[in-house]
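Notes follow the structure.
The values are calculated or read from the model by the stated rules, or taken from the named source; none is laboratory data. Everything quoted here is computed from the prediction, not taken from an experiment. Cβ sites come from the backbone with ideal geometry, for glycine too, and all protein chains shown count toward neighbours. These accessible areas exclude ligands, DNA and RNA; they are computed on the full protein's heavy atoms, side chains included. Shrake-Rupley method; radii C 1.70, N 1.55, O 1.52, S 1.80 Å.
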Amino acid sequence: MSDFKFLRGPKDWWRQAVVYQIYPRSFSDSNGDGIGDLKGIISKADYLKTLGVNAVWLSPFYPSALADGGYDVDDYRDVDPRIGSLEEFDVMVQELHSREIRVFVDIVPNHCSDRHVWFQEALAAGRGSKERDRFIFRDGRGENSELPPSDLSSHFGPHGWTRVEDGQWYMHLFTKEQPDFNWDNPEVHEEFLKTLKFWSDRGVDGFRIDVAHALKKQLDPLPNRSSYSLEVMKDDGTDPLFDRDDVHEIYAEWRNLFNQYDPPRVAVAEAWVHPHRRAPYASEKGLGQAFNFDLLAAAFDADAYHDIIESNLEFSASTGSSSTWVLSNHDVIRHATRMVIPGYGESADGFGSENKWYVEHRMDNDLDLELGLARAQAATLLILALPGSTYLYQGEELGLPDVTDIPSDQMQDPQWFRGEGKLKSRDGCRVPLPWEPTGTSFGFGPGGSHLPQPSWYAKYAASVQDADPNSTLNLYREALALRAKLITEEQLSWQESASGTLLFERPNGWLCFTNFTQHEVELPQGDLLLHSGVVSGGKLSGPATAWLKR
Ligand code: BGC
């Protein structure tokens with residue numbers, strides 16, 4: 001691979017980076033087939049540059065039957081022909097690198113797709129074969145193996161085991177099209193090292209690791225489980241399915257590979273574990289960084305935010321990692337909507353799949369979206385001022401609400417189908433972006449859109465917001481440009497402020513003041529740099545955030 005694709009720079013570039021998540025199928029479509037593609041991403045490289053992000057993370061773009069939005073991977077070292085080709089991938093990396101935007105790809109190591117060549121070989125080779133040993137095949141219970149080997153449900157509803165023609169069963173923590181790998185098999189280790197090397201050699205700068213806590217399992221006796229809530233997951237490294245201590249042996253191997261590159265490749269773990277167990281994923285000997293999803297689950301409340309920020313900064317100081325902040329991604333309700341759904345933030349699983357409050361309010365047209373947007377902007381400006389890195393999700397820079405009225409027969413998310421109406425659908429945050437106020441797909445592409453776009457999308461279109469100095473898009477641009485200038489050591493100190501507000505200062509005198517209430521409050525002393533909401537007579541409306549400089 002020639003050298004031009006590599007973006008060199010300091011080893012610790014990732015510590016305070018702004019990473020923008022692209023959900024490729026829904027970002028930009030160049031050929032009008034209704035599915036976003038790599039050429040679409042290339043066409044938006046200047047948009048990303050103007051937005052001011054330091055890196056993009058691409059959700060899976062690999063060949064896939066889309067049983068789970070691409071998290072069912074047929075081939076880890078190729079591009080879905082509907083999305084592009086490896087050559088186009090190289091061009092995309094080059095175009096982004098030339099604009100100093102780094103590239104992360106998504107690695108899905110817990111499971112592949114049932115169309116993956118290894119799984120097909122496992123089916124053909126039969127019981128007891130070395131091909132089956134790459135997965136978790138077992139005989140069933142009952143006289144004729146007619147009952148599943150254990151009482152295991154999957155994340156997306158019933159059944160964690162599926163039976164194959166010769167009577168054996170295989171384990172899958174997600175859909176039946178996503179067989180789990182057997183990480184006790186050295187061949188699986190080698191295969192993933194090969195994949196990580198493949199993308200690293202192509203110039204990829206970092207990796208987002210899907211369900212990083214699930215790879216190692218204790219299968220004797222076979223586990224039973226009917227809920228995936230954190231409450232039932234052991235928190236001492238001995239849970240049979242998740243967050244086992246020995247999973248870190250895998251990441252030590254990966255780190256060894258990452259460190260052979262200059263600058264070393266970076267990684268961020270998606271690990272839904274007990275907060276005190278996050279450290280090893282984020283350590284320098286492991287993946288280096290782990291998502292902190294605490295704010296996703298929290299109510300929009302000054303005390304809750306204060307405590308979460310405090311504990312996460314302590315945590316990152318103890319691991320030597322840097323904090324990650326995230327308010328939206330492809331699995332959760334967009335924060336401009338979530339923050340005004342009644343009941344949101346009241347329970348620890350506030351954002352999880354079993355959130356009854358969301359299912360109840362999914363088609364609720366009375367949500368106060370103006371308040372939602374004001375809260376979303378306030379929360380975003382707050383996290384952008386914190387020490388650490390920020391992960392943004394495509395479309396949040398437009399202030400997009402979730403699409404709450406996708407007809408059931410047009411939903412794509414397996415969580416919806418398998419959850420029998422009890423689990424939320426994640427399609428509402430995956431609807432293709434509006435780039436223009438008109439056209440067959442609001443400028444997403446020259447054709448249609450693989451998920452229906454609502455008519456109200458027009459007013460959120462990027463081109464409309466581009467022309468409006470007070471738009472959410474221009475607020476994000478201004479904030480990212482300022483942040484780049486203000487970025488300083490990874491510390492903050494809390495300052496006294498009125499109830500319902502938070503004020504902190506970074507070492508260079510950069511102040512961030514958030515008003516969580518719905519009434520105006522006095523601004524602190526300092527030169528006003530930027531704000532959401534309205535400032536008048538020395539007061540900031542609520543909810544809103546202001547940045548100032550002492
Ligand atoms: C991804 C989901 C996906 C699941 C299974 C998650 O963590 O973010 O979108 O359904 O892993 O791969």
Hey, among the residues in the stretch 290-330 that are within 16 Å of the ligand (Cβ to nearest atom) and among the polar types (S, T, N, Q), which one's nearest to residue 505 (Cα to Cα)?
324
Filter the stretch 25-52 down to residues that are open to solvent by less than 10 Å² (accessible area, probe 1.4 Å) and over 15 Å from residue 88 (Cβ atoms), then give me how many there are.
4
Could you say whether any residue in the stretch 398-417 is part of a helix (DSSP H, G or I), within 22 Å of residue 326 (Cβ to Cβ), at pLDDT 95 or above and open to solvent by less than 50 Å² (accessible area, probe 1.4 Å)?
yes
If you scan the stretch 537-550, which residues turn out to be within 20 Å of residue 373 (Cα to Cα) and either modelled with pLDDT under 95 or not aromatic (Phe, Trp, Tyr) (or both)?
539, 540, 541, 542, 543, 544, 545, 546
State whether the residues of the stretch 212-231 include one that is assigned to a loop (DSSP other than H, G, I, E, B), at pLDDT below 95 and among the aliphatic types (A, V, I, L, M).
no
Filter the stretch 513-535 for residues that are out of contact with any Asp or Glu (no Cβ under 8 Å at 6 or more places or on another chain) and in a strand (DSSP E or B) and give the result.
513, 514, 515, 521, 522, 527, 528, 529, 531, 535
Flagged in the stretch 487-512 as among the hydrophobic types (A, V, I, L, M, F, W, C) and outside any loop (DSSP other than H, G, I, E, B), in numbering order, are 494, 502, 503, 504, 510, 511, 512
Selection from the stretch 53-77 of residues that are open to solvent by 20 Å² or more (accessible area, probe 1.4 Å) and acidic (Asp, Glu)
74, 75
Identify all residues within the stretch 236-284 that are without any contact (Cβ under 8 Å) to a residue 60 or more places away in the chain, in a loop (DSSP other than H, G, I, E, B), surrounded by 15 or more Cβ atoms within 10 Å (Cβ to Cβ) and charged (D, E, K, R); write none if there are none.
239, 243, 244, 278
Taking only the stretch 317-335 into account, find how many residues are open to solvent by less than 10 Å² (accessible area, probe 1.4 Å) and either assigned to a helix (DSSP H, G or I) or of a type in the set (Phe, Trp, Tyr) (or both).
2
Within the stretch 138-181, the residues that are modelled with pLDDT of 95 or more, more than 20 Å from residue 210 (Cβ to Cβ), assigned to a loop (DSSP other than H, G, I, E, B) and open to solvent by less than 30 Å² (accessible area, probe 1.4 Å) are 140, 149, 150, 164, 167, 168
Look at residue 528 and say whether it is closer than 26 Å to residue 18 by Cα, surrounded by 15 or more Cβ atoms within 10 Å (Cβ to Cβ) and over 30 Å from the mean Cα position of the chain (by Cα).
yes
Unique match (being closer than 19 Å to residue 377 by Cα and β-branched (Val, Ile, Thr)) among 472, 488, 440
472
Which residues, counting only those in the stretch 205-248, are in contact with a Lys or Arg (Cβ under 8 Å, 6 or more places away or on another chain) and at positive phi?
237, 243
Can you tell which of 156, 207 is over 25 Å from residue 246 (Cα atoms), under 19 Å from the mean Cα position of the chain (by Cα), within 16 Å of the ligand (Cβ to nearest atom) and of a type outside the set (Asp, Glu)?
156
